[in-house]
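Undergrad: Here it is, the structure in full.
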Amino acid sequence: MPDMPDMSQMSEIAAMRAVSAGKPRLIQRTGRPMATDVSVQIAATPAQAGAAREAADACMRWFEDIDTHLSRFKPESELSRLNRAAGQWFAVSELVFTAVTVAVQAAQASAGLFDPTLLRQLESLGYDRDFALIRQSAHPLHIQQAQRETPRQPQPARMSYWQAIEFDQKRRRIRLPLGAQLDLGGIAKGWGADVALNRFCLPFLGALINVGGDLRVRGGPAPGEHWAIGIRDPRAEAAATETSGESGETGETGETHDKASPVSPVSHVAVLRFSRGGLATSGAVKRWWLRDGERRHHLLDPRTGQPVRLWIDERDAAETPLIATATALAPTAARAEVAAKMALLRGYPAALRAVETAWERPIILNGGLDADAAIALVLTFGNGDVVFSKNLPAYLASWGAEGADLPITIAPTPGTPGKSRTRNQTGTMVASTPLTPLTQEIPGIPNISGD
């Protein structure tokens, strides 16, 4: 009987042949530097492979820096120290100064629907430590202690909190108002992905950076190709989690769900293909816990201080179907993160109407902040329905296609007659596929689920 071929050697030979033929190399790095799944993929020519490896490593170090500075679960982090110094001026690093500035600008652009000052409300609901530790609270002693504690009722956020944050750019200081506590976990993921791509990945053919479901992309895995992003079916995720045994015990029934838990098999409700911009998916299917016998999750409405009503599993069957996840596409991952949260707060159909109406308005490059500008949405429901905003095809053909013209109006300076014109982005426009329903798993497509 002839010897069976060594598959690892065959893979190495195939890789060497690809390099010698000049085919692009896909450099990949994965890890959990921000207590979430992080992956970096960089498409590079054979001559760029070494530089791409260095760039991918630099991206991962950058995410470790973000975790060191911005984690609310580390008492020694800069963010924790800033929160403890509320009411006083506090000197911060450039990283923290920029991150807080981005968060406050997002709150302003969304008229407070995105609010980075909800930390006290989250903690009062039980999200007072890393979610991995909440899973470990399965021990009966933890449960008995939690049941003895007097629950704190979350209160609506004061709008003045984020509005009253002060910045001293010259001295690089921040002053939080007394009582304000920042949580930058969500927007830090998107912002971190944006910075990583612009700082480390521009010289290469393409890049896809995924930080816990917040993506930033450019180019594709090969010239003329888009990145293909699969949106998971929340029903399959909920069912898989129930049977996977990946649950700790919190509260009474002992069920805890985290999107980092392995889910297999995973089906997709759609695949989006694009070569520029950001994408974020938000939901609570994989991150919820029980407190006082009620399911709680981390997606809060700043107007009430309570979790938004969402579909989590089959117990949430309702006459009117509930949204399970919202996927937002935007020019940056940070803006996509904010837009996905806003969509859950607004609900259906108001979320779609908001971005569709904004699409018809002129986008003024230096005309102020508008959280709904240049946004497209995909909403999944607990009953299996999937709806997307009417502007999704137009979005993918413009903002989502590297090299395509962007519909931007350049605002005139005061006293100067203005002209509306389209800002041209050089490059080759690649055709986009708006939305592809799927009935089976497609290997090699990044799986995106709500956080």
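Each reported figure results from applying straightforward, stated rules to the coordinates on display, with no laboratory input. Being a predicted model, the structure only gives us computed values, none of them experimental. So basically every Cβ, Gly included, is an ideal-geometry build from the backbone, and we count neighbours across all protein chains shown.
Undergrad: What does the charge count near residue 78 come to, summing +1 for each Lys or Arg and -1 for each Asp or Glu among other residues with Cβ under 13 Å from its Cβ?
TA: On the way: positive: 72, 74, 81, 84, 172, 173; negative: 65, 67, 76, 94.
Spelling it out: positives minus negatives among the neighbours equals +2.
Undergrad: Can I ask one more? List, in order, the whole-Hz ³J(HN,Hα) value for each residue of segment 211-219 obtained from phi through the Karplus relation with A = 6.51, B = -1.76, C = 1.60 and θ = phi - 60°; use x for Gly and Pro.
TA: 10, x, x, 9, 10, 10, 9, 8, x
Undergrad: Between residue 309 and residue 23, take the C-beta separation as r, use R0 = 45 Å, and let me know the FRET efficiency to the nearest 0.05. Mind dumping the intermediate values first?
TA: Working: r = 49 Å, r/R0 = 1.09.
For R0 = 45 Å, the calculated efficiency reads 0.35.
Undergrad: Separate question: Non-local amide H neighbours of residue 301 (under 5 Å, H modeled in plane, Pro and chain starts lacking H): which ones?
TA: 306, 308
Undergrad: Cut-off is 10 Å between beta-carbons; in what order do 364, 165 appear when sorted fewest neighbours first?
TA: Working: 364 16, 165 21.
Starting with the residue having the fewest Cβ neighbours, the order is 364, 165.
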